[in-house]
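Q: Take a look at the following structure, please.
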Ligand SMILES: Nc1ncnc2c1ncn2[C@@H]1O[C@H](COP(=O)(O)OP(=O)(O)OP(=O)(O)O)[C@@H](O)[C@H]1O
């Protein structure tokens, strides 16, 4: 169930402009980590690289023989199109598509698993609803149910509570804590520092470079937060990626 993720001198760019520079470190197997930092700090970019949807410009993400299907990735809500005419049950079952297969169709067992997952996120009886008819909070619960079906060892969440009501946030935080208790490695991009202090034992503070990474109680101090803010404010968006210590792979 557990898996570590290592960053080796990782540099991520968009059209050769660096968004994350020379990141090194390890998300320990079974750890629960918040990635925090100012706007534009590269948090989403880093999580995309860990998920494998963005290729590094230099360095690498070491997934320690973990297959992509063992990584569950929930992008920011803005990146998900829910105008698609899909039912809640079908959306949840997409979490198990690798075991269902592209052409075989879902079995009764998958349908039951989807109902169980919906019950676990407080949405019993919602299976036949269209996803376009759900509130933001309900839809986020559906996406967490989909992650439950995927049964991933590593779970990546990009701002999972943005524009989500307090009750849903509380319920989904409980689910995250359960995943952590089961030994899964969970990494979440978050903005609410108090929430991080209360629920996330580890923190990676990012401002294009890693400012600090370790136990949340040690990392989230005024000095580090000020350094992150300064670094983000003084970042030159037109800088070229520097090659120092880089292991160019593209
Ligand atoms: N698809 C893209 N093409 C070009 N530049 C991008 C792209 N996505 C992000 N960027 C740029 O990369 C930098 C890092 O963006 P990213 O979204 O990773 O930051 P973030 O820390 O997640 O920000 P926020 O907290 O505002 O969501 C920003 O300067 C952003 O404008």
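Q: Rounded to the nearest 0.05, what FRET efficiency is calculated for residue 124 and residue 55 with R0 set to 45 Å and r the Cβ-Cβ distance?
A: It comes out at approximately 0.65.
Q: Okay, next question. Let me make sure I get this right: for the range 141-203, a, b and c are the square roots of the gyration tensor eigenvalues over alpha carbons, sorted descending. Under 1.5 in a/c it's rounded, otherwise prolate if a/b > b/c, else oblate. Which is it?
A: Oblate is the answer for the range 141-203, as a/c is 1.5 or above yet b/c matches or exceeds a/b.
Q: Which order do peptides 189-196, 153-160 fall in by mean Cβ count within 10 Å, highest first?
A: Result, highest mean Cβ count within 10 Å first: 153-160, 189-196.
Q: Among 13-20, 89-96, how do they line up by average Cβ neighbours within 10 Å per residue, starting with the highest?
A: So the order, starting with the most tightly packed, is 89-96, 13-20.
Q: Please give the contour-minus-distance gain from residue 133 to residue 162: 0.36 nm per residue of separation, less the Cα-Cα distance, rounded to one decimal in nm.
A: Difference between extended and current length: 8.5 nm.
Q: Label the chain by shape, choosing from rounded, prolate and oblate, from the square roots a ≥ b ≥ c of the eigenvalues of the Cα gyration tensor; if a/c is under 1.5 it is rounded, and otherwise prolate applies when a/b is larger than b/c, oblate when it is not.
A: In terms of gyration-tensor shape, prolate.
Q: Treating the angle as unsigned and between 0 and 90°, give the value, to the nearest 10°, between the Cα long axis of helix 136-150 and the longest Cα principal axis of the chain.
A: It works out to around 90 degrees.
Q: Still on this structure, please answer the following. Alpha carbon centre of the range 162-201 versus the range 27-58: separation in Å?
A: After rounding, the separation between the Cα centres reads 16 Å.
Q: Hey, another quick one. At 0.36 nm per residue, and after removing the present C-alpha to C-alpha distance, how many nm does the segment from residue 178 to residue 197 gain when stretched out fully?
A: 5.1 nm
Q: Highest mean first, what order results for 78-87, 109-118 on Cβ atoms within 10 Å?
A: Ranking, from highest mean packing down: 109-118, 78-87.
Q: Using 0.36 nm per residue of separation minus the Cα-Cα distance, give me the extension gain between residue 86 and residue 215 in nm, one decimal.
A: Contour length minus the Cα-Cα distance gives 42.3 nm.
Q: Going by a ≥ b ≥ c, the root eigenvalues of the Cα gyration tensor, does the range 86-192 fall in the rounded group (a/c under 1.5), the prolate group (a/b larger than b/c) or the oblate group?
A: Oblate, since a/c reaches 1.5 and b/c is not below a/b.
Q: Now for a different question. Note the angle between two axes, namely the Cα long axis of helix 222-233 and the longest principal axis of the Cα atoms of the chain, as a number of degrees from 0 to 90, rounded to the nearest 10.
A: 80 degrees
Every number here is computed from the coordinates shown, using simple stated rules; none is lab data. Every value quoted in this text rests on a predicted model; they were computed, and no experiment measured them. Positions of Cβ are generated from backbone atoms using ideal geometry, with glycine treated the same way; all protein chains shown enter the neighbour counts.
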